[in-house]
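One structure is given below, encoded as structure tokens.
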Amino acid sequence: MNTAQQLAALVKQEFQDLLSRWRQQVRELPCARRLDTPTLNDHIPTVLEELATALESDTGQTIPESLRENSAPAHGLQRVQDGFDIEEVVAEYNILRGCIHDLGDRHGVSLQGRPFHVINRVFDHAIGLALQSYSTQRAIEVQQRREEYLAFVAHDLRTPLSAISLAARILEVTIPEREIAPEAGKIFNALRRNVQQLERLVDKVLEENANLKADTGLKLEQREFDLWPLVESLIRDLHPVAATSHTQLINQVPDDLTVFADASVLRRVFQNLIANAIKYTPGGEVIVGAKALTAKEGVECWVADNGKGIPKEYLNRIFDKGETDPNSEGGLGLGLAIVKVFTEASGGKVTVESHEGIGSTFRFSLPSKKNV
């Protein structure tokens, strides 16, 4: 048995004592003091097993091959959750390296030559992989915080922009056209164009943020608010689109109904459903409604139209991502897939009832605050 194999046998024989000595030293690190033993150990036992395997092997395997279980990246991710800083991650590996050297010294096993190179190869590569996954995860978290802040700012901008837009409309309506000087008319037009441009930019930011959340896991910012103003504002925004196809939009949401939801997500759900209804209801009407259910069940919302309707064979897959309407260019699958994702993320569900030539009704539920 060569010295590398002797050390491998010692690692296996003194496995628990080696871990105990390592934990005793690692607990001197600030973030390690509060961790229980299983959490502190994490993937370290696997690293020791990989080290023993590498010491036993005479194949001269490469550095990546020495970490057969790929434990280091998972360990790096775990240490982000445990609150370790990057210096502490490096330190715990080097402490383990020191424990291995002490083990050899206590049993008179020389760590020169092959054992020295194997130990350094395994630990240096483990440190590199752990730091890579640690740094990547921290970068993702920083990016997510920035995106959340950007969305927060965009939400704050929407309110004063809506107020400016509404004030401009009221002024245009209340001042007789004959009394508006040409220069004032130009100012009104410029104001309208710039407000619309800013609203589109804010909507774009919110849309991109919503798309990102749908892809990476939706984080909701739920609160209680009145539903009627949200629907009325959305109908007003979509009115130019509806007017091109002579479609009437009707808000039948009770003006005293409150919901507990993420306002931006709920707006996106309604927007997709109403826009879809407009598309398939030329010359008809689209009704947006809602009602309170029991205190336990929450609220039911719906968007109903008297348009073309949906073929029966298509109903069971209409919410699938990538599905398209074979009779319409561009399809509708993505918008309805987003509706399903957002509704389910909010704790509700979405359904559809439709008959060809009669129309369609999309219903979705919002849970009560008690059930969230």
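Quick note: the coordinates plus some simple rules give every number you see, no bench work behind them. Keep in mind it's a predicted model, so treat the numbers as computed, not measured. Cβ atoms come from the backbone with ideal geometry, glycine included; neighbour counts cover every protein chain shown.
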Taking H as built 1.01 Å from N, whose amide H comes closer than 5 Å to the amide H of Gly298, not counting residues under 5 places away?
-> Leu293, Ser368
Would you work out if segment 227-281 is rounded, prolate or oblate? Take a ≥ b ≥ c from the square roots of the eigenvalues of the alpha-carbon gyration tensor; rounded if a/c is under 1.5, else prolate when a/b is larger than b/c, oblate otherwise.
-> prolate
Leu249's amide H: which non-local residues (gap 5+, or another chain) put their own amide H closer than 5 Å, with H modeled 1.01 Å from N in plane and none for Pro or chain starts?
-> Val286
Put a dot 7 Å past each Cα toward the Cβ at Glu183 and Arg145; how far apart are the dots in nm?
-> 5.1 nm
Heads up, segment 68-137 by the C-alpha gyration tensor (a ≥ b ≥ c square roots of eigenvalues; a/c under 1.5 rounded, else a/b over b/c prolate, else oblate) looks prolate
Reduced to Cα centres, the span from segment 78-139 to segment 337-355 in Å works out to 49 Å
With θ set to phi - 60°, apply the Karplus curve 6.51 cos²θ - 1.76 cosθ + 1.60 along segment 183-194 and write out the HN-Hα couplings as whole Hz, x wherever there is a Gly or Pro.
-> 5, 5, x, 5, 5, 4, 5, 5, 4, 4, 4, 6
Can you give the FRET efficiency for Gln132 and Gln81, using 1/(1 + (r/R0)^6), R0 = 22 Å, r = Cβ-Cβ distance, to the nearest 0.05?
-> 0.85
Highest-first arrangement of 93-106, 253-266, where packing means the average Cβ count within 10 Å = 253-266, 93-106
For the peptides 222-232, 267-277, what is the packing order when you average, over each peptide's residues, the other Cβ atoms within 10 Å and list the highest mean first?
-> 267-277, 222-232
Report the paramagnetic label zone for Ala74: residues of segment 18-48 whose backbone N is under 16 Å from a point 7 Å from Cα along the Cα-to-Cβ axis.
-> 38-48
